[in-house]
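The values are calculated or read from the model by the stated rules, or taken from the named source; none is laboratory data. Keep in mind it's a predicted model, so treat the numbers as computed, not measured. Positions of Cβ are generated from backbone atoms using ideal geometry, with glycine treated the same way; all protein chains shown enter the neighbour counts. For accessibility, only protein heavy atoms count, side chains too; no ligands or nucleic acids. Shrake-Rupley method; radii C 1.70, N 1.55, O 1.52, S 1.80 Å.
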Amino acid sequence: MTHRERFNSVMSYAPFDRVPCLYFGLWPETLERWQQEGLKGGILDVPEQVGLDPDFEQHMFSGHGIRTISPVGDVPEEVLEETADYMIRQTAIGSVEKIGRHGSSIHEYLDHALKPTRADWERFKSYLDPDDPRRWLAGHEQRIKDVNSRDGALAFYAGSLYGELRNWMGVVEISMLMYDDPELFQQIINDLADYFIAVNRPLLERVEFDLAYLFEDCCFNTGPLVGPDAVREFMLEPYRRMVNAYHDLGIKHILVDSDGKVDDLVPVWLDAGIDIIFPIEVGTWNGDACAFRSKYGQRIKMMGGVNKHVIPKDADAIRAELERFVPLVEEGGFIPIPDHRIPPDTSLEQFRIYVEIFRQIFG
């Protein structure tokens with residue numbers, strides 16, 4: 001089977017020859033360590049260097065070099081302050097971000113790009129013009145040919161109804177808005193769903209993708225940042241509209257990405273037609289792909305679930321972690337993947353041992 005056929009067979013509960021061996025990337029500090037330990041090349045070379053199958057999310061957030069999905073702003077980009085420890089910059093959409101220089105972390109937002117008012121949403125919407133000709137990137141015609149000839153499961157960035165809005169507006173502001181002005185909040189969600197469908201349509205009409213990737217990142221270690229009742233009230237129908245549109249454009253599978261304890265939101269996502277939950281992070285709350293399958297049956301498909309912190313231990317620990325997934329893998333609809341970016345406490349050799357054991361167990 002080709003890599004693409006294999007992925008689609010697993011995710012369709014159809015017969016397959018083996019399970020794809022994939023990962024969810026690694027921290028920059030991990031890449032630096034691995035390069036010191038003998039890795040040749042950069043982040044794009046990691047899968048081939050360590051024996052993984054082609055990376056399903058590679059180039060996804062950059063539109064595969066074909067078409068940008070991000071807001072196209074008009075604010076002058078500039079560095080406002082620089083020290084040995086951090087940099088403060090203003091972005092093209094107007095946010096002011098503080099970026100630490102020592103280790104990777106989420107940026108600190110000093111000022112958000114979008115204020116929780118109707119007038120500011122109307123202003124910000126000008127950055128979300130799906131027909132802006134600047135969205136087509138230089139050299140996109142050749143990139144379309146290259147991407148269409150690739151053998152590997154191919155994902156495109158399908159959008160976001162919470163994660164991006166949180167980045168643009170802030171957690172506190174978005175949390176208050178759904179109570180202070182629910183009509184505006186609903187309008188924003190509806191506008192976002194319409195935007196992502198419209199901005200992706202020209203891409204999907206020219207490139208054959210397997211997987212729509214929704215970015216939400218809306219959960220933490222005790223549950224979601226937005227409750228299931230609010231997600232059902234404000235987002236269920238817009239999600240369904242997006243899912244149906246992407247299916248109509250030939251997309252087989254719809255994945256939602258959220259770390260953290262996603263348990264409360266899984267039923268809403270499944271009702272919306274989202275069929276793959278990712279990355280089933282284990283964390284301190286012991287997220288368990290086997291428990292999700294037991295609860296939801298074959299309604300749920302999953303990628304992830306492998307405790308990344310087991311990999312630096314030893315071969316026996318890795319084998320025990322992977323072998324518990326054998327019945328789930330044999331049933332289909334599940335690809336074991338380390339449950340987030342590989343941290344720098346994992347050596348290059350330890351990860352190669354993980355890949356070797358994975359291939360021994362799963363073919």
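If only the Cβ of Lys and Arg carry +1 and only the Cβ of Asp and Glu carry -1, the dipole of segment 206-363 around its Cα centre is close to 240 debye. Between the residues 21, 63, 99, the greatest Cα displacement towards the positive end of the dipole of the chain, with unit charges on the Cβ of Lys, Arg, Asp and Glu, is found for 21.
Note on segment 299-315 and segment 232-274: Cα centroid distance 23 Å, given to the nearest whole angstrom.
The residue 92 and residue 141 beta-carbon pair, evaluated with R₀ = 22 Å, returns a calculated FRET efficiency of approximately 0.30. 3J(HN,Hα) along segment 348-359: 4, 5, 5, 6, 5, 5, 4, 4, 4, 5, 3, 5 Hz, from the Karplus curve 6.51 cos²θ - 1.76 cosθ + 1.60 with θ = phi - 60°, whole Hz, x for Gly and Pro. Three principal axis extents describe the C-alpha atoms of segment 1-102; from largest down they are 55, 36, 20 Å. Remark on segment 169-296: ratio of C-alpha radius of gyration to 2.2 N^0.38 Å is 1.09. Relative to the globular-protein estimate of 2.2 N^0.38 Å, the Cα radius of gyration of the chain stands at 1.00. Quarter the surface of the alpha carbon convex hull of segment 238-306 and you get the mean projected area, 4.5 square nanometres. Around the amide H of residue 302, modelled in the peptide plane, lie the amide H atoms of 277, 334, 335, all under 5 Å away and 5 or more residues distant in sequence or on another chain.
Solvent exposure of the chain, expressed per residue, is 43 Å² of accessible area, with all protein chains present and a 1.4 angstrom probe.
Of the three principal axes defined by the Cα atoms of segment 269-353, the extents in descending order read 41, 23, 21 Å. Our coupling estimate for segment 143-151, obtained by passing each phi through the Karplus curve with A = 6.51, B = -1.76, C = 1.60 and θ = phi - 60°, is 5, 4, 4, 5, 5, 5, 9, 6, 9 Hz, Gly and Pro reported as x. Taking the charge dipole of segment 197-266 about its Cα centre, with +1 at Lys and Arg Cβ atoms and -1 at Asp and Glu Cβ atoms, the residue from 235, 258, 224 reaching farthest to the positive side is 235. In this Cβ point-charge picture (+1 for Lys and Arg, -1 for Asp and Glu), the chain has a dipole of about 820 debye about its Cα centre. The radius of gyration of the Cα set in segment 44-137, together with its Dmax, comes out at 17.1, 52 angstrom. Would you mind telling me the share, in percent, of accessible area of segment 13-114 contributed by carbon and sulfur at probe 1.4 angstrom? Answer for segment 13-114 is 50 percent, counting heavy atoms of protein chains only. GNM remark for the chain: springs join alpha carbons under 10 Å apart, and the peak mean-square fluctuation among 261, 115, 145 falls on 145. Taken one residue at a time, the phi angles of segment 174-189 give Karplus couplings (6.51, -1.76, 1.60, θ = phi - 60°) of 5, 5, 6, 4, 5, 9, 6, 8, x, 5, 5, 4, 5, 4, 4, 4 Hz. Gly and Pro are set to x. Cut-off 10 angstrom, C-alpha nodes, Gaussian network model of the chain. Which of 38, 51, 163 fluctuates the most? Fluctuation is largest for 38. Taking the chain as a Gaussian network of alpha-carbon nodes connected by springs under 10 Å, the highest mean-square fluctuation of the residues 327, 338, 54 belongs to 327.
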